[in-house]
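I have placed the structure first, in the form of structure tokens, so that the comments after it can refer back to it.
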Amino acid sequence: MSFYRGVMDSKPGDPSPIGVLIAHLGTPDAPEPAALRRYLRQFLSDPRVIELPRWKWLPVLHLFVLTTRPKTSAALYRKIWTPEGSPLLVHTRAVAQAVGEALRARLAAPLRSSIQMAVGMRYGNPSMAAALRELAERGCRRVLVFPLYPQYSGTTTASTFDAVFAELATWRRMPELRTVNDYHDDAGYVAALAASIRDSWRERGRAEKLLLTFHGIPRRYVDAGDPYFAHCHETARRVVRQLGLAERDYEVTFQSLFGKEEWLRPYTDETMKKLGGSKLASVDVLCPGFSVDCLETLEEIDGLNREFFTHAGGGDYRYVPCLNERPDHVAALADIALRHLGGWVDAARREPMPVYDDAASTEPAIPSAATY
């Protein structure tokens, strides 16, 4: 009996296809407690996400979290669920398809058919293992793993790579592998974020303040060396610089607090209540760390935090959707992929992405997590 998985080879003489695995966090299969229990068990059992001794955390997870949270989370998912399924999965699949089309359009004719796209979720379905096996069955001997996390964190990007390497450890023949670790300062990605805000301003006018909210992580992870906090602030710095905003015009906050320990500050919910209590007439809200809309953007930011702001006395709350399948977002992701595919493919001639010079920036340095 073999311990290793065999995969099919390309036919002799055929060019070996190149796989691009678009990876994301994941989603439950349905907005129901049983599906949420399966999803949360996998998600919250990941030691990259919850860095606590297993003997200390797993009893809490199984005896308390998984007996109460699935029902609550299912109710929240039902608010945003679409006929096609979870928004995160629907948008991720659409982005992957659009990026694939953009890549093929930029390649020389003989190579266009060589690009094979697949979508894999770190938790839930379609799994990372299923996506890798799908690419293997298509004959891909080279794979680019592209997590849609602009800012690197061990809780997201590294965990995705853990799942990839765990699956490949069971293969007899491993593919040649490349990874996209982050793209928090990519010119195309930053330009797309800035453009999405300008589009909102043209449609609804510019608010008094712009709030850029990122998913939080425990502060001790950053103190231990995770670059996520710095990446978030660098993204924010580049976006507001393109928009010409002064320091007083924007704030950077962190959302989705879980548990009782200190997370990255300032917290989004506390900031919304503060801004509302100051009778701020209007606020624009952007989630630059989320590539596509999901529970945390649609329900938490466009729902719950909207209520915090308005109930505290704030005025007009304007949520700016995630980049999703915006053409400039797709173009930026395709450019990033092409750079990482260098040497595997020869790109056709194309207009270069604009490069923004930060050398003349007079904005303050990125703060330390200890600042908060």
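The values are calculated or read from the model by the stated rules, or taken from the named source; none is laboratory data. Note that the structure is predicted; figures quoted are calculated from it, not measured. Cβ coordinates were reconstructed from backbone atoms using ideal geometry, including for glycine residues, and neighbour counts include every protein chain displayed. SASA here: full protein model, heavy atoms, side chains in, ligands and nucleic acids out. Shrake-Rupley method; radii C 1.70, N 1.55, O 1.52, S 1.80 Å.
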Tell me which residues, restricted to region 180-207, are over 30 Å from P47 (Cβ atoms) and part of a loop (DSSP other than H, G, I, E, B). G205, R206, A207
Quick check, is V95 among the aliphatic types (A, V, I, L, M), in a helix (DSSP H, G or I), under 17 Å from F290 (Cα atoms) and under 22 Å from the mean Cα position of the chain (by Cα)? yes
Return the only residue of F290, F309 being among the aromatic types (F, W, Y) and touching a strand residue (DSSP E or B) at 6+ places or on another chain (Cβ under 6 Å). F309
So L243, is it among the hydrophobic types (A, V, I, L, M, F, W, C) and either at pLDDT below 95 or closer than 27 Å to L76 by Cα (or both): no
Scan region 302-324 residue by residue and report those that are surrounded by 17 or more Cβ atoms within 10 Å (Cβ to Cβ), within 25 Å of P150 (Cβ to Cβ) and out of contact with any Phe, Trp or Tyr (no Cβ under 6 Å at 6 or more places or on another chain). N305, R318, Y319, V320, P321, L323, N324
Could you grab the pairs with beta carbons closer than 6 Å, sequence gap of 6+ or different chains, first residue in region 181-198 and closer than 9 Å to D328 by Cα, second one surrounded by fewer than 21 Cβ atoms within 10 Å (Cβ to Cβ) and of a type outside the set (A, V, I, L, M)? A192/D328; A195/D328
How many residues are closer than 21 Å to V65 by Cβ, in a loop (DSSP other than H, G, I, E, B) and open to solvent by 30 Å² or more (accessible area, probe 1.4 Å) if we restrict to region 249-285? 6
Any residue in region 315-326 that is farther than 13 Å from S282 by Cβ sitting within a Cβ distance under 6 Å of a residue that is surrounded by fewer than 18 Cβ atoms within 10 Å (Cβ to Cβ)? List the pairs, counting only those 6 or more apart or interchain. E325/A94
Is there a residue in region 287-297 that is open to solvent by less than 10 Å² (accessible area, probe 1.4 Å), touching a Lys or Arg at 6+ places or on another chain (Cβ under 9 Å) and either part of a loop (DSSP other than H, G, I, E, B) or not hydroxyl-bearing (S, T, Y) (or both)? no
Selection from region 115-133 of residues of a type outside the set (A, V, I, L, M, F, W, C) and not in a helix (DSSP H, G or I) yields Q116, G120, R122, Y123, G124, N125, P126, S127
Can you confirm whether P59 is exposed (fewer than 15 other Cβ atoms within 10 Å of the Cβ) and in a loop (DSSP other than H, G, I, E, B)? no
Just to be sure, is Y152 farther than 21 Å from F309 by Cβ, in contact (Cβ under 8 Å) with a residue 24 or more places away in the chain, touching a His at 6+ places or on another chain (Cβ under 8 Å) and among the aromatic types (F, W, Y)? yes
Inspect region 136-155 for any residue being of a type in the set (V, I, T), within 30 Å of R37 (Cβ to Cβ) and open to solvent by less than 10 Å² (accessible area, probe 1.4 Å) and give the result as yes or no. yes
Regarding R112, is this residue buried (at least 23 other Cβ atoms within 10 Å of the Cβ), among the basic types (K, R) and in contact with a helix residue (DSSP H, G or I) (Cβ under 6 Å, 6 or more places away or on another chain)? no
Keeping to region 156-169, report how many residues are open to solvent by less than 10 Å² (accessible area, probe 1.4 Å) and either in contact with a Cys (Cβ under 7 Å, 6 or more places away or on another chain) or within 19 Å of I18 (Cα to Cα) (or both). 2
Quick check on this structure: which one of R172, R202 is surrounded by fewer than 16 Cβ atoms within 10 Å (Cβ to Cβ), modelled with pLDDT under 95 and more than 22 Å from the chain's Cα centre (by Cα)? R172
Go through (1) at pLDDT 95 or above; (2) buried (at least 20 other Cβ atoms within 10 Å of the Cβ); (3) under 19 Å from P17 (Cβ atoms) and name the single condition P126 misses. (2)
Listed residues L177, L210; which is within 26 Å of K274 (Cα to Cα) and not in a helix (DSSP H, G or I)? L210
Mind checking which residues of region 326-343 are in a loop (DSSP other than H, G, I, E, B) and surrounded by fewer than 16 Cβ atoms within 10 Å (Cβ to Cβ)? G343
Has region 281-294 got any residue that is more than 30 Å from A94 (Cα to Cα), at pLDDT 95 or above and either of a type outside the set (K, R) or in contact with a Ser or Thr (Cβ under 6 Å, 6 or more places away or on another chain) (or both)? yes
